[in-house]
Each structure stands twice: as structure tokens, then as C-alpha cells.
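This report concerns only the one structure given below.
The values are calculated or read from the model by the stated rules, or taken from the named source; none is laboratory data. Given the structure is predicted, the values throughout are model-derived calculations rather than measurements. Every residue, glycine among them, receives a Cβ derived from its backbone with ideal geometry; neighbour counts consider all protein chains shown. Ligands, DNA and RNA are excluded from the accessible area calculation, which covers all protein heavy atoms including side chains. Shrake-Rupley method; radii C 1.70, N 1.55, O 1.52, S 1.80 Å.
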Amino acid sequence: MLFQKATLLRAVAACCSTGCIAAVSSCGYTKNGLKWTGATRMNQVQVIGTHNSYHLEVPLEAREVQSQLLSNIINLAYSHPALDIQAAYQSVRSFEIDVYADPEGGWYATPYVIRESGTELPPQDVMNKPGIKVLHIADADVWQTCYTFIECITVVKTWSDAHPGHVPIPFMIEFKTAETGTGGGVPPIPWDDSELLDGFDAEIRSVFPPSKLVTPDDIRRGNLTLEQSVLAYGWPDLESARGRVLFLMDNSPGAIREVYTAQRPNLEGRVLFTNSAPGNADCAFQKLNDPRGAENLANIQEQVRAGYWVRTRSDEPMSTILSNDTTGMRDSALASGAQIVSTDFPAYGMTSRWHVDYAVRFERGRAARCNPVTAAANCQDRLLEAEEYVRN
């Protein structure tokens, strides 16, 4: 069935380009300002994203305490600049944000690692207000460039408004749940709660209007499921999706996805695209983090060709940097055609402290390139985004 629908998608695209009558109802379609005309689609490009995009390395004075709470903290030895600086100077076009529910405020205001190390607390006026918070590991890895979810996505919204021609920016969202090894700190508030997940969607919509979003409702057609719509009609034209963002669930299928899709099997009214599996009504996106090996690489390429949006990873913090093969995973990730290639190191210099020069970048520091698996032969990297959007 997957291949039948993928074949239909390719037939529709071919018809659109040649103007055959059968394609009229498919090619002239518009919804929420998004268009389907047979031109380059928004999923026919590839971008580089950052993993834990908000993350700052632990201060030296707190390192000993953190090492008592967490094992192998060398994998936390990286920092990212503010999100807008990543977009402007590092060509980053996808961000990953870890979110913690804090409906009453103050739950994560005084982290254990900070209390024990005597380092500076996060801004208490911000942390004590109700609203979703952003951090890596509650009580143990709590340094970041933005403290609340709204603050983080507003930074990107401001940059986006100033650069409205950018390719669509996907946000990877990880809903953080129970953590281990955090001393006697507070347990994360569970996310498998419909009211909390409704509040998550509401926070996004408070920052991004419909004209700046790509949502499941925009993609789904008629009586088709979301998956059927993606496989049969594909994603909108890149040109109509410029200046927009979309949100993808990083969590593996489980309780959070079940609550998020309850009574909404096609993500009706939702903002997030869930991480799902082929055959499910809500499957438009898949997280396939490991591109290594012929089987994994072939699977990602198959899913991309079928029409799914895919995220993979090019490195696993320090285990990649300190290995005997620093580039193999990166090369496979780029060749996979996954629309998002996620890294902790989007710029040279970030790994030099380990005597390794490594980064994940496109030629000439471009922010996007034609997808190596699905882009048309006439696609040109230099036309995907204005070079002045990136200041290398």
C-alpha cells in the first residue's frame, strides 16, 4: 500500500509539471496559503539542525557536583549560541528543544546541582511563572540560552520575521519525563495529560499565527488520513512554505503520543506532527536517528522517497568525536536524504578542544541544499535561500 501511494504521488507531480488534465484537482490545491503546483516541494530539501539547541555546558564551578549526579558528563561538553545566532551565523535551519511541564510555576526554579554548587540560580521571576520550561536534565544539567518554551520560539519568530524567505524551519520537541541520577531533586511532571498537551499547542499558537505554521490540518485532505494525504499528494511547494515553521514530536511512540492523538487520530486541530510508523493514520514524520549501515541507510532513503519527513543524526556528541571514525555517521546522514540532519557541531572550532576538526556543514556554508534523494535534476542549491540570510 505504501508503494502504491508513493507511485500516485510521483504520478501527480509528473502531471502537474506537464499540465495533464488529471492533475487539475491536485495541482491547483491551496490551503492556509500553502500551494501544491508540482514545483519543488518543501520536503525536497535538506537542512542541518542542532541537537539540544538551547544547551550550555556546565560552569566549571558546578562540574564536580554534576559529575556526582550524572555518569559520563563528557557527552554534555558542548554549548550552542542563541537560536537566532545559530540561524544567522551557523546556517542552522532546525532546532531541538526539550520541554518540561510547569503549570503552576516554580517547579524547576532551584535546581539541585545549583544549590549544591553555590552557582547562580536561573532568573527566579521567569522560573516561578506558570508555563513550559526548557532544560536538559532536571536538577542536573540546567544551563541554557533561553529558559521558557515561549522565549525560545519567540527568538526564532523574531529572526524569521526579519528573513521571511527562509526555508521551512522544523522544531524537534522532546517532552521530558522521568530522569535518573539527579540526586534528591524534583521529579518531572508527566506529560501524558491532555490538558498539558493542549497547553503546549496553545503556547505555540500564542507566538506563531496560522500563516507562519505548517500543521497536520494543512496537509490532510478530505476523508483521507494524514498518512494517506502525505503519500498521495505530498507536501506543499517550497515557495509557499517559506518563512514558516513546523513542529515535530521527538519522543518515541508511547503514552504521550497516545494522549496527543486520542480522539484525534489524524492530529485534527493539533500543531505537532507525531513521530509515528508507516501504516498509522498520523504518520507523516519519522525519527530514524541512526543512518549507519547499509540497511539503516536504505530504510531512510525508502521513507524519504515515499514522502515522509525524516530526521536523522550525524553524530552522538563526544562518542563520535573521540572515535576512530568521526565522519562515517555524518556522511551516511547526509546521503540518506533525511530532511533534517541533526548535529551538536554545526561550526568548525567546536571540537578543536579535543584535537579534532569536525563540523556538519553544506558546501559554502549554505543553509539548505537540494535533497540528494528526492530533488529534481534542475534543483539548484544556490536558489534555495538568499545567501545574505547567513553571515559566515
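Residue-wise test of (1) over 30 Å from Ser332 (Cβ atoms); (2) crowded, with 23+ Cβ neighbours inside 10 Å; (3) among the basic types (Lys, Arg); (4) more than 17 Å from the chain's Cα centre (by Cα).
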position	(1), (2), (3), (4)
Ala39	no, no, no, yes
Pro59	yes, no, no, yes
Glu64	yes, no, no, yes
Tyr78	no, no, no, yes
Val92	no, yes, no, no
Glu104	yes, no, no, yes
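What are the pairs, 6+ residues apart or on separate chains, where a residue within the stretch 94-111 that is closer than 15 Å to Thr154 by Cα and without any contact (Cβ under 8 Å) to a residue 12 or more places away in the chain has its Cβ under 9 Å from a residue that is open to solvent by less than 20 Å² (accessible area, probe 1.4 Å) and not basic (Lys, Arg)?
Between residues of the stretch 94-111 that are closer than 15 Å to Thr154 by Cα and without any contact (Cβ under 8 Å) to a residue 12 or more places away in the chain and residues that are open to solvent by less than 20 Å² (accessible area, probe 1.4 Å) and not basic (Lys, Arg), there is no close pair.
State all residues of the stretch 106-148 that are open to solvent by less than 30 Å² (accessible area, probe 1.4 Å) and among the acidic types (Asp, Glu); if no residue qualifies, say none.
Within the stretch 106-148, Asp139, Asp141 qualify.
For residues in the stretch 269-312 being assigned to a strand (DSSP E or B) and among the aromatic types (Phe, Trp, Tyr), which is surrounded by the fewest Cβ atoms within 10 Å (Cβ to Cβ)? Break it down stepwise before answering.
Narrowing the stretch 269-312 to residues assigned to a strand (DSSP E or B): 272-273, 275, 285-287, 309-312.
Cutting the leftovers down to among the aromatic types (Phe, Trp, Tyr) gives us 273, 285, 309.
Working: Phe273: 26, Phe285: 26, Trp309: 23.
Of everything passing the filter in the stretch 269-312, Trp309 is surrounded by the fewest Cβ atoms within 10 Å (Cβ to Cβ).
Among (1) closer than 28 Å to Tyr78 by Cβ; (2) among the β-branched types (Val, Ile, Thr); (3) under 15 Å from the mean Cα position of the chain (by Cα), which single condition is Val271 missing?
It fails just one condition, (1).
Considering each of Asp290, Asp315, Asp331 in turn, give the residue that is modelled with pLDDT of 95 or more, within 19 Å of the chain's Cα centre (by Cα) and farther than 30 Å from Thr225 by Cβ.
Asp315
Please list, ordered by residue number, the helices (runs of 4 or more DSSP H) wholly in the stretch 157-268 having 1 or more residues that are farther than 21 Å from Val99 by Cα.
Per the criteria, 216-219, 226-233, 238-241.
Looking for something open to solvent by 40 Å² or more (accessible area, probe 1.4 Å) and at pLDDT below 95 - is there at least one such residue anywhere in the stretch 243-254?
Step one: filter the stretch 243-254 for residues open to solvent by 40 Å² or more (accessible area, probe 1.4 Å), giving 252-253.
If we keep only those that are at pLDDT below 95 as well, we get 252-253.
Yes, some residue in the stretch 243-254 is open to solvent by 40 Å² or more (accessible area, probe 1.4 Å) and at pLDDT below 95.
Listed here are the residues, each with its yes/no results for (1) in a helix (DSSP H, G or I); (2) more than 26 Å from Asp193 (Cβ to Cβ); (3) in contact with a Phe, Trp or Tyr (Cβ under 7 Å, 6 or more places away or on another chain).
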{"position": "Ser53", "(1), (2), (3)": "no, no, yes"}
{"position": "Glu57", "(1), (2), (3)": "no, yes, yes"}
{"position": "Ala62", "(1), (2), (3)": "yes, yes, no"}
{"position": "Val65", "(1), (2), (3)": "yes, yes, no"}
{"position": "Ile85", "(1), (2), (3)": "yes, yes, no"}
{"position": "Arg93", "(1), (2), (3)": "no, yes, no"}
{"position": "Asp98", "(1), (2), (3)": "no, no, no"}
{"position": "Pro103", "(1), (2), (3)": "no, no, no"}
{"position": "Arg115", "(1), (2), (3)": "yes, yes, no"}
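Can you name the condition, by its number, that Ile74 falls short on among (1) modelled with pLDDT of 95 or more; (2) open to solvent by 10 Å² or more (accessible area, probe 1.4 Å); (3) in contact with a helix residue (DSSP H, G or I) (Cβ under 8 Å, 6 or more places away or on another chain); (4) part of a helix (DSSP H, G or I)?
(1)
Considering only residues of the stretch 374-384 that are part of a loop (DSSP other than H, G, I, E, B) and open to solvent by less than 70 Å² (accessible area, probe 1.4 Å), which is farthest from Ala347 (Cα to Cα)?
Ala376
Quickly run through the stretch 360-373 and pick out the residues that are within 17 Å of Ala335 (Cβ to Cβ), open to solvent by less than 30 Å² (accessible area, probe 1.4 Å) and assigned to a loop (DSSP other than H, G, I, E, B).
Val360, Phe362, Asn371 - these are the residues of the stretch 360-373 that are within 17 Å of Ala335 (Cβ to Cβ), open to solvent by less than 30 Å² (accessible area, probe 1.4 Å) and assigned to a loop (DSSP other than H, G, I, E, B).
Kindly list, by first and then second residue, each pair from a residue in the stretch 220-235 that is surrounded by fewer than 22 Cβ atoms within 10 Å (Cβ to Cβ) to a residue that is of a type in the set (D, E, K, R) and not in a loop (DSSP other than H, G, I, E, B), limited to pairs with Cβ atoms under 8 Å and residues at least 6 apart or on different chains.
Gln228/Lys5; Ala232/Lys5
If you scan the stretch 329-359, which residues turn out to be among the aliphatic types (A, V, I, L, M) and either assigned to a loop (DSSP other than H, G, I, E, B) or open to solvent by 40 Å² or more (accessible area, probe 1.4 Å) (or both)?
Ala335, Ala338, Ala347, Met350, Val356, Ala359
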